[in-house]
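The values are calculated or read from the model by the stated rules, or taken from the named source; none is laboratory data. Quick caveat: nothing in here was measured; it's all calculated off a predicted structure. Neighbour counts run over all protein chains shown; Cβ positions are idealised from the backbone, glycine included.
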There are 2 protein chains.
Amino acid sequence: MPDSLHPEIRRLHLFSDMAEDRFAALMRGAYVQNFPPQIELITEGDSSDFLHVLISGAVDLFARWNGRESSLATVRPVSTFILAATIRDQPYLMSARTMEKSRIVLIPSQDVRSAFEEDVQFARAIVAELAQRYRSTIKMQKDLKLRSSLERLANYLLRHQARNGGDAAFELETDKRRLASYLGMTPENLSRAFRGLGPYGVAVEGNRITITDQTDLEGFAKPDPLIDGDLT
Amino acid sequence: MPDSLHPEIRRLHLFSDMAEDRFAALMRGAYVQNFPPQIELITEGDSSDFLHVLISGAVDLFARWNGRESSLATVRPVSTFILAATIRDQPYLMSARTMEKSRIVLIPSQDVRSAFEEDVQFARAIVAELAQRYRSTIKMQKDLKLRSSLERLANYLLRHQARNGGDAAFELETDKRRLASYLGMTPENLSRAFRGLGPYGVAVEGNRITITDQTDLEGFAKPDPLIDGDLT
DNA sequence: TCTTATGCTTGATATTTATCAATTATATGG
DNA sequence: CCATATAATTGATAAATATCAAGCATAAGA
């Protein structure tokens, strides 16, 4: 794996406080791979042999059961995924597939667990990361159980807008089919939900969303930092 | 707080590997409280001043939004709750109320964070705990998004049965109103769902459930270790 | 440019789930 | 033991969501 990638990975707070030599050791065992779009990287149930770090592209984390499939999260660079399975040395609970051409660093799980045992800073960083992710899944659960699909979409749009600078107009970064699955509805219903938000100040043109009435949409969506907040 | 409680708490794997003096220090700052049933211990949004350890009784973790309410988890003794908020020093995402008369140990969050900074064993135990809980919420999300309410109930019954010795007959340990909320449905629908499982070998008499045809129910429920497993 | 594949939308309909209202059980306190 | 409150069930209906079947865009390849 080229050393030129180290700084990017190092910037992740998971690795930023790690002792230099230990970080170098972790990287020595790691390797990079480039994947085309729509490749299934991981299948749920597999043993967790690698901690994955997405360097560029995008990855969809999803789950299957009884012939059905649902998208659970989108991974954007630079970010790790399936940390919990790696740490616990247990099978993946989610499958992963590339959404676009993606570059991914694979760090052997055994190395991660060793580093975790030996490096206190690293162990602390893992705690912070896991706690954060745990809280984020709780928020998703609240979103799912307390809101209708229309409300979920409205709040998704507001979150997405905030994350992208807050302008009234912005682009969806995923195709609508996956967005529907992520939000827990069918593509058909997502279409209808978009139209249903029209009266509350949402205009859709392909992937371009324009919030024409911020106040109105917020009035309908009732965003809550304990569900939609990035920080809390 | 009486020393007699130490062994029970110490038995939690979160604390079991902690250095003795540090554990004692943690306990010195802690105190016990007894609560009557239906007391709201924690309200989401509050700052996380204490790590809670349930010694006896039962606690419901739930969330509210826009006048709605949903049960997210049941805490049974002996077990900690709201660890992630404590560690991150961020507001609680869930509210908590006693389901029965409960005895709870409160450990100041600041003490927990100090111990976490200074005790490597403790930090590791926290990692294990958080990773476990994270995985458990992912399973819940899969359950919610991939299954219908009837399927969720069927699998809940099978899990509950397994956790209680595997006998064909067992008792529900929570009122049906809460079970409905936990499973993401209305009480009315839970009633109908129970009847709907009749043809698959489920008999209900008050809180007593009898699985009259294990094979049939499993055939319908299609339990999956990656959703329903305790271990994975 | 045309062709074709793919994703998105729309309408009609079915299914699932929720709501409302009433009734029946079950438990609790006097 | 009765009176009363609370929980659970049932039936009727409404709302939300999914499914099925076309039809319309959009983009990629011939």
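Among the residues of region A:29-61, which ones are within 23 Å of A:Leu179 (Cβ to Cβ) and either of a type in the set (A, V, I, L, M, F, W, C) or buried (at least 19 other Cβ atoms within 10 Å of the Cβ) (or both)?
Matches in region A:29-61: A:Phe35, A:Ile39, A:Leu41, A:Ile42, A:Glu44, A:His52, A:Leu54, A:Gly57, A:Ala58, A:Val59, A:Asp60, A:Leu61.
Among the residues of region A:112-131, write down those that are closer than 13 Å to A:Arg88 by Cα and more than 10 Å from chain B (Cβ to nearest Cβ).
Residues satisfying the conditions are A:Val112, A:Arg113, A:Ser114.
Somewhere in region B:169-190, is a residue in a loop (DSSP other than H, G, I, E, B) and within 9 Å of chain A (Cβ to nearest Cβ)?
First pass over region B:169-190, keeping only residues in a loop (DSSP other than H, G, I, E, B): B:172-175, B:184-186.
Cutting the leftovers down to within 9 Å of chain A (Cβ to nearest Cβ) gives us B:184.
Yes, there is a match, as at least one residue in region B:169-190 is in a loop (DSSP other than H, G, I, E, B) and within 9 Å of chain A (Cβ to nearest Cβ).
Could you tell me how many of the residues in region B:172-228 are more than 23 Å from B:Ile138 (Cβ to Cβ), aliphatic (A, V, I, L, M) and within 13 Å of DNA strand D (Cβ to nearest atom)?
Qualifying residue count for the region: 8.
Go through region A:191-219 and give me each residue that's more than 11 Å from DNA strand C (Cβ to nearest atom) and not in a helix (DSSP H, G or I). Break it down stepwise before answering.
As a first pass, look at region A:191-219 and keep what is more than 11 Å from DNA strand C (Cβ to nearest atom): A:197, A:199-203, A:210-219.
Matches in region A:191-219: A:Gly201, A:Val202, A:Ala203, A:Thr210, A:Ile211, A:Thr212, A:Asp213.
Sort out which residues of region B:148-176 are within 13 Å of DNA strand C (Cβ to nearest atom) and farther than 30 Å from A:Ala180 by Cα, and write them in order of number.
Answer for region B:148-176, where residues must be within 13 Å of DNA strand C (Cβ to nearest atom) and farther than 30 Å from A:Ala180 by Cα: B:Glu171, B:Leu172, B:Asp175, B:Lys176.
With among the acidic types (Asp, Glu) and either free of Cβ contacts under 8 Å to residues at least 60 places away in the same chain or more than 9 Å from chain A (Cβ to nearest Cβ) (or both) as the only criterion, which of B:Glu69, B:Glu100 stands out?
Numbers: B:Glu69 fails: either free of Cβ contacts under 8 Å to residues at least 60 places away in the same chain or more than 9 Å from chain A (Cβ to nearest Cβ) (or both).
Going through B:Glu69, B:Glu100 in turn, the sole match is B:Glu100.
What pairs can you find where one residue is in region A:34-45 and free of Cβ contacts under 8 Å to residues at least 60 places away in the same chain, the other is of a type in the set (Lys, Arg), and their Cβ atoms are less than 6 Å apart, with a gap of 6+ or different chains?
Cβ pairs passing all conditions: A:Glu40/A:Arg97.
Quick check on my filter: what residues within region A:1-45 are assigned to a strand (DSSP E or B) and of a type in the set (Ser, Thr, Tyr)? Spell out the reasoning first.
To start, the set of residues in region A:1-45 that are assigned to a strand (DSSP E or B) comprises A:31-35, A:40-42.
Matches in region A:1-45: A:Tyr31 only.
Between A:Asn164, A:Asn155, A:Asn189, which is outside the structural domain of A:Asp111 (by TED's automatic domain parsing) and modelled with pLDDT under 95?
Numbers: A:Asn155 fails: modelled with pLDDT under 95; A:Asn189 fails: modelled with pLDDT under 95.
Unique residue meeting the criteria: A:Asn164.
Please count how many residues of region B:132-160 are within 11 Å of chain A (Cβ to nearest Cβ), of a type in the set (Ser, Thr, Tyr) and within 30 Å of B:Arg192 (Cα to Cα).
Going through region B:132-160 one residue at a time, the tally reaches 3.
For region B:23-40, does any single residue satisfy the condition of being of a type in the set (D, E, K, R) and closer than 23 Å to B:Glu100 by Cβ?
Pass one, region B:23-40, residues of a type in the set (D, E, K, R): B:28, B:40.
If we keep only those that are closer than 23 Å to B:Glu100 by Cβ as well, we get B:40.
Yes, region B:23-40 contains at least one residue that is of a type in the set (D, E, K, R) and closer than 23 Å to B:Glu100 by Cβ.
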